[in-house]
Amino acid sequence: VLAVKGSRMAVSDVGVGVQFVRTALLGAVMNVYINTKSMKDRGKAGELNREAEELVRTGTEAADRIYGVVLAGLRG
C-alpha cells in the first residue's frame, strides 16, 4: 500500500524496508532448520520445516512483487 499510495519522496524507503524483511525471513528459516535438525520427533520437525518453507515462499514472492512496484515507480 505504501509503495502505491505513500509519499513519492519516501517510496524508496518502502523498497529498502521490504528487502530487509525478505532478508530477515531467509535468515530466520536457517534458525528453524538448525533447530529442527536435532529434534527427536522427525514428524514434527518435517511439519515445522514445511511451514517455514511456505512462509519463505509466500514472503519472498510478496517482497519481490512489492520491490518491483517500488522500482518501477522510481524509474518512472
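Counting Lys and Arg as +1 and Asp and Glu as -1 over every other residue whose Cβ lies under 14 Å from the Cβ of MET39, the net charge comes to +2. Taken about its Cα centre, the chain carries a charge dipole of roughly 80 debye when the Cβ of each Lys and Arg holds +1 and the Cβ of each Asp and Glu holds -1.
For the chain, the mean residue ellipticity at 222 nm estimated from helices alone is -29500 deg cm²/dmol, where every DSSP H run of n ≥ 4 contributes -39500 (n - 2.57) and the total is divided by all residues, rounded to the nearest 500. Accessible surface of MET30, taken over heavy atoms with a 1.4 Å probe and every protein chain present, rounds to 130 Å².
The residues neighbouring LEU71, those whose beta-carbon lies less than 12 Å from its own, together hold a net charge of +1 under the Lys/Arg +1, Asp/Glu -1 convention. Under the criterion of Cα pairs below 8 Å and six or more residues apart, the relative contact order for the chain equals 47 percent. Semi-axes of the equivalent ellipsoid of the chain are 34, 10, 7 Å, computed as sqrt(5λ) over the eigenvalues of the C-alpha gyration tensor in descending order.
May I ask you to compute the full-extension gain from LYS40 to LEU55, defined as 0.36 nm times their residue separation minus their alpha-carbon distance, rounded to one decimal in nm?
3.1 nm
Which percent of the accessible area of the chain is formed by carbon and sulfur heavy atoms (probe 1.4 angstrom)? Please list the in-between numbers first.
Details: 3450 of 5520 Å².
Ligands and nucleic acids excluded, carbon and sulfur reach 63 percent.
Rolling a 1.4 Å probe across the protein heavy atoms gives the chain an accessible surface of 73 Å² per residue. Spacing of the modelled spin labels on LEU26 and GLU47, each 7 Å from Cα toward Cβ, amounts to 3.0 nm.
The values are calculated or read from the model by the stated rules, or taken from the named source; none is laboratory data. Just so it is clear, the model here is predicted, and its values are computed rather than measured. Note that we place each Cβ from the backbone using ideal geometry, even for glycine, and neighbour counts take in every protein chain shown. The protein model used for the area step is the full one, side chains on, heavy atoms only, and it has no ligands, DNA or RNA in it. Shrake-Rupley method; radii C 1.70, N 1.55, O 1.52, S 1.80 Å.
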